[in-house]
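One structure is given here, and the rest of the page talks about it.
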Amino acid sequence: MLNLSFVIDSLAPGGAEKITVDLINRIDRNRFNVTFYSLFNSTKLKDNIIGRISPGIKFVELDIEKLSFRKRFVHLRKALEHSDVIHTCLDMSNFYVPLSLFFRKKCKIIVSVHGKTAVFIDDPALKAELKKNQHRKYVLMTKYFQRIANCRINKFIALSKKTRDFLININGISSKRVIVHYYGYDFEYLEKSSQEEAEETRKNLGF
């Protein structure tokens, strides 16, 4: 059975987080051994969507916020050492995972990219490592690290054509490694309004 791992920054109640959880919940667990990792401790957040994860999914909080910049890579490499395919879902996950597994070529890494950013990651731990006040140095080092990480990624999923163009034209990534896949949504999660509520909403919006 293939070991499939998903890594996300946290489970704050955002769009990317909800889409990722919905995807994981629908994976055939007779074919894949699925583990879901959160880089940061989501239980400490005032709002989180941990309860949205299906009971059969193994969920692990890596708590990397407690670790120094260098130790985070060691911790991640150890946690993901048995993964066959890894899908990372947000900026910090897209940054840390490829660098942590740079020399472990057998593991396939897929990343979802949600927008255009001049600097791929805004990481307090990395800023501290580069002495916060030296912002220019931080930007240059982050871009350098990101270029290395990009070399290790097998496939990029861009959430729009603009993001795809950014990855290809600005970041210099081969078009063969980038696909466009738009967000989907499970309409079962939408709350249905009564006829009265719908009419009141239309009236308030001027429809």
Requested in this report: Work out from phi, with θ = phi - 60° and the Karplus expression 6.51 cos²θ - 1.76 cosθ + 1.60, the ³J(HN,Hα) of each residue of region 42-55, listed in order in whole Hz, and give x for Gly and Pro.
Outcome: 7, 5, 7, 6, 4, 10, 8, 10, 4, x, 7, 6, 4, x
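What ranking do LEU4, LEU39 get, fewest neighbouring Cβ atoms within 10 angstrom at the top?
On the way: LEU4 20, LEU39 24.
Sorted ascending by nearby Cβ count, the order is LEU4, LEU39.
Taking the highest mean first, how do the peptides 106-112, 77-83 order by number of other beta carbon atoms within 10 angstrom per residue? Walk me through the numbers on the way to the answer.
Numbers: 106-112: 19.0, 77-83: 16.1.
Going by the mean number of other Cβ atoms within 10 Å, highest first, we get 106-112, 77-83.
For the chain, what is the Kirkwood estimate of the hydrodynamic radius, computed as the reciprocal of the mean inverse distance between distinct Cα atoms, to one decimal in Å?
Computed over the chain, the radius equals 18.6 Å.
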Requested in this report: Would you please give the residues with an amide H less than 5 Å from that of ASP63, counting only those at least 5 places away or on a separate chain, with H modeled from the backbone geometry?
Outcome: PHE40, ASN41
Report summary line: Per the charge dipole of the chain (beta-carbon charges, Lys/Arg positive, Asp/Glu negative, Cα centre), the residue among VAL34, ILE24, PHE102 reaching farthest to the positive end is PHE102
Report task. Add +1 for every Lys or Arg and -1 for every Asp or Glu among the other residues with Cβ under 11 Å from the Cβ of CYS107, and state the total. Result -> +4
Requested in this report: For PHE103 and CYS151, compute 0.36 nm times the residue count separating them, minus their Cα-Cα distance, and round to one decimal in nm.
Outcome: 16.2 nm
Query raised in the report: So how do THR88, THR20, THR35, THR201 line up by other beta-carbon neighbours within 10 Å, fewest first?
Result: THR201, THR35, THR20, THR88
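Just from its helices, what would the mean residue ellipticity at 222 nm be for the chain, if runs of 4 or more DSSP H residues each count -39500 (n - 2.57) and the sum is divided by every residue, rounded to the nearest 500 deg cm²/dmol? It would help to have the intermediate numbers written out before the result.
Working: 7 runs with 76 residues, N = 207.
Taking each H run of at least 4 residues, the total per residue is -11000 deg cm²/dmol.
Order these by the 10 Å Cβ neighbour count, fewest first: VAL85, VAL60, VAL34, VAL97. Intermediate values should be presented prior to the final figure.
Details: VAL85 15, VAL60 12, VAL34 21, VAL97 29.
Result, fewest neighbours first: VAL60, VAL85, VAL34, VAL97.
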Query - Pairs of lysine residues in region 1-104 - Cα separation under 24 Å, sequence separation of 8 or more or cross-chain - result: 13
Query raised in the report: Given GLY206, ILE157, ASN169, which one lies farthest toward the positive end of the charge dipole of the chain, if we put +1 on the Cβ of every Lys and Arg and -1 on the Cβ of every Asp and Glu?
Result: ASN169
Requested in this report: Would you mind checking the tilt of helix 69-79 against the longest principal axis of the Cα atoms of the chain, expressed as 0 to 90 degrees and rounded to 10?
Outcome: 70
Report task. With no solvent and one equal point scatterer per Cα, compute the Debye intensity ratio I(q)/I(0) for region 42-93 at 0.13, 0.19, 0.20 Å⁻¹ and report its log10, rounded to two decimals. Result -> -0.41, -0.89, -0.98
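Between ASN33 and ASN169, what FRET efficiency comes out of the Förster formula 1/(1 + (r/R0)^6) with R0 = 35 Å and r the beta carbon distance, rounded to 0.05?
Values: r = 38 Å, r/R0 = 1.08.
Between ASN169 and ASN33 the formula returns 0.40.
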Report task. Would you mind checking the tilt of helix 135-152 against the longest principal axis of the Cα atoms of the chain, expressed as 0 to 90 degrees and rounded to 10? Result -> 80
Query raised in the report: Taking 0.36 nm per intervening residue step and subtracting the Cα-Cα distance, what contour gain separates LYS44 from GLU200 on full extension?
Result: 52.4 nm
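The numbers here are math on the coordinates, done by the rules we state, and not lab data. Quantities reported herein were computed from a predicted structural model and do not represent experimental measurements. Because the Cβ atoms are built from the backbone with ideal geometry, glycine has one as well, and the counts that use them run over all protein chains shown.
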